[in-house]
Amino acid sequence: MHTLDHKLARLVFDECLRQLSLDEVPLKTGGDRERLAEKLAGLITPSGNDPEAVLSVFLRDIAPAIIACDTPRFMAFVSCVPSKTSVLIDVLVSCFALHGISWLEAAGPVAAENQALRALADAAGLPASAGGCFVSGGSSGNLSALLVARDTGLSRRGGHRARPKVAVTADTHSSVGKALHVLGMAPLLVPTPDHRMTARALRDTLARERHCEDVVAVVATAGTTNAGLIDDLAGIADVARQQGLWMHVDAAYGGAGIFAPSVRELFTGIEQADSLVVDPHKWLFSPFDCAALLYRDPPAAQAVHTQQASYLDAIHDDADGLWNPSDYAYHLTRRARGLPLWFGLAVHGTDGYRDGIENTLTMARYAADRISATEGLTLVCEPELSVVLFRRDDWGLEDYERWSAKLLEDQIAFVLPTSWQGEPVARLCFVHPETTKQLVDEVLATIDPAVRSGHDAQVYEHAH
Ligand SMILES: *Cc1c(COP(=O)(O)O)cnc(C)c1O
């Protein structure tokens with residue numbers, strides 16, 4: 001088990017190379033429950049199996065039973081499109097069994113991860129003192145940051161409230177609601193006429209709140225998941241400062257935009273965050289699973305998150321201020337998951353990231369322009385980042401669902417409808433830097449009322 005099977009190793013590395021060499025990863029259509037159950041049945045036994053037989057189950061039946069995220073044709077959700085460079089280093093992270101728990105055990109990986117965090121902090125404009133760690137995703141980043149917000153906020157405001165509150169909007173990501181639930185906090189909903197939290201709306205909501213001292217934090221979103229809109233970060237920062245609130249910026253999806261000059265201004269105010277989450281596995285071309293969590297004042301986070309136990313004393317012998325990523329989030333053991341981003345940043349430079357992100361922004365604007373110019377399609381709102389919401393004027397939810405299913409079946413794209421102000425709409429989310437105008441055109445042709453072609457016409461045609 002711990003002796004290398006060279007033949008198996010060669011087969012695996014050949015497969016890695018074959019996969020990484022594909023010009024375009026096939027989209028595929030997901031998996032069939034019965035087929036998967038049949039292929040997996042009886043595979044785990046006391047005596048085991050021939051490794052090549054199991055590898056072939058993996059290659060033939062498991063790995064392909066997906067909808068591939070690393071193709072420009074994946075336009076649903078927010079995809080994950082790791083660069084080849086970042087994937088290669090991820091292989092090394094596994095081969096070297098690199099962890100990133102403490103300075104004692106993993107000084108090199110931690111130093112490199114911190115360099116990548118520094119690059120993000122610099123791009124955001126956070127002070128030199130800022131720092132944090134990489135966690136598994138925006139959800140765990142939000143949870144970890146809001147725990148610090150809660151404990152710090154309560155002591156700062158002298159409160160011992162049974163149920164502290166956090167200001168959010170209806171467009172705040174679902175993981176924030178979950179985090180509040182876990183942390184015994186309640187959301188304070190700030191109304192947003194146009195899906196963006198503004199300073200005025202926040203101030204008014206706080207003024208109306210009977211127990212204003214219960215409110216310990218505000219979550220500003222820099223890139224809503226549904227529409228890619230950015231809250232008024234600078235205005236919210238002002239209110240947060242005046243009222244002593246912790247300002248958490250959830251930039252899990254949109255945060256990559258700080259590298260893109262064409263949208264950088266929209267992020268003004270992000271530099272005032274007390275905590276910030278950006279997911280490199282979303283729009284910074286890193287493999288799963290990776291979210292950067294940064295704090296303006298890391299000792300505040302350390303005070304809340306450090307785990308104390310006799311068996312951990314050795315890693316906390318940090319008289320010289322050495323960095324333990326385990327002290328900055330709700331976790332202990334962790335993979336050095338920031339290394340693929342570090343490697344990519346070091347190789348391609350921040351300019352490489354800028355160019356990739358700008359290209360997806362260009363594609364979103366191109367799609368929006370095409371939609372605006374097409375009779376029968378309506379752009380729901382101008383894209384701020386790389387999400388485009390639009391409607392086909394004569395369609396209802398079932399039409400969008402049929403469209404979505406047909407596009408996947410035809411392997412044209414994976415798109416999903418969403419809802420906007422209670423109405424079903426089409427949504428395209430671009431994060432792949434190699435998305436082309438031709439592909440945007442190809443996808444839009446399938447929903448353009450003026451395009452009629454062969455049997456497609458019957459499928460896309462709305463039958464009233
Ligand atoms: C995706 C997303 C999250 C959750 O991040 P995960 O990495 O999926 O856990 C949180 N907030 C926003 C704004 C997101 O887009």
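Here are a few things to note about the model shown:
- Taken over segment 315-350, residues that are among the hydrophobic types (A, V, I, L, M, F, W, C) and assigned to a loop (DSSP other than H, G, I, E, B) amount to 6.
- Pick from segment 165-191, criterion assigned to a strand (DSSP E or B) and more than 16 Å from the ligand (Cβ to nearest atom), ranking: surrounded by the fewest Cβ atoms within 10 Å (Cβ to Cβ): LEU189
- Yes/no for TYR353 being crowded, with 23+ Cβ neighbours inside 10 Å and outside any loop (DSSP other than H, G, I, E, B): yes
- Complete set of residues in segment 244-266 that are more than 13 Å from the ligand (Cβ to nearest atom) and touching a strand residue (DSSP E or B) at 6+ places or on another chain (Cβ under 6 Å): LEU245, TRP246, MET247, LEU266
- Number of positions in segment 142-164 that are surrounded by fewer than 24 Cβ atoms within 10 Å (Cβ to Cβ) and in contact with a strand residue (DSSP E or B) (Cβ under 7 Å, 6 or more places away or on another chain): 5
- The C-beta contact set for segment 225-241 (first residue over 23 Å from MET75 (Cα atoms), second residue charged (D, E, K, R) and not in a helix (DSSP H, G or I), distance under 7 angstrom, 6+ apart or interchain) comprises ASP231/ARG196; ASP232/ARG196.
- Residue in segment 198-213 that is within 16 Å of the ligand (Cβ to nearest atom) and buried (at least 24 other Cβ atoms within 10 Å of the Cβ) present: no
- Residue satisfying all of: in segment 224-243; within 15 Å of the ligand (Cβ to nearest atom) and closer than 21 Å to TRP420 by Cβ; surrounded by the fewest Cβ atoms within 10 Å (Cβ to Cβ) among these: ASN226
- Pairing residues of segment 162-180 that are closer than 24 Å to SER419 by Cβ and free of Cβ contacts under 8 Å to residues at least 60 places away in the same chain with residues that are more than 10 Å from the ligand (Cβ to nearest atom) and not in a helix (DSSP H, G or I), at Cβ distances under 6 Å and at least 6 apart in sequence or on separate chains, gives VAL168/PRO187; ASP171/HIS195; LEU180/VAL166; LEU180/PRO187.
- Residue within segment 74-84 that is part of a strand (DSSP E or B) and surrounded by 22 or more Cβ atoms within 10 Å (Cβ to Cβ) present: yes
- Count - residues of segment 401-422 that are under 25 Å from the mean Cα position of the chain (by Cα) and either of a type outside the set (Gly, Ala, Ser) or over 23 Å from CYS69 (Cβ atoms) (or both): 13
Coordinate-derived values only; no laboratory data. The model shown is predicted, which means the values in this text are computed figures rather than measured ones. Positions of Cβ are backbone-derived with ideal geometry, glycine not excepted, and every protein chain shown enters the neighbour counts.
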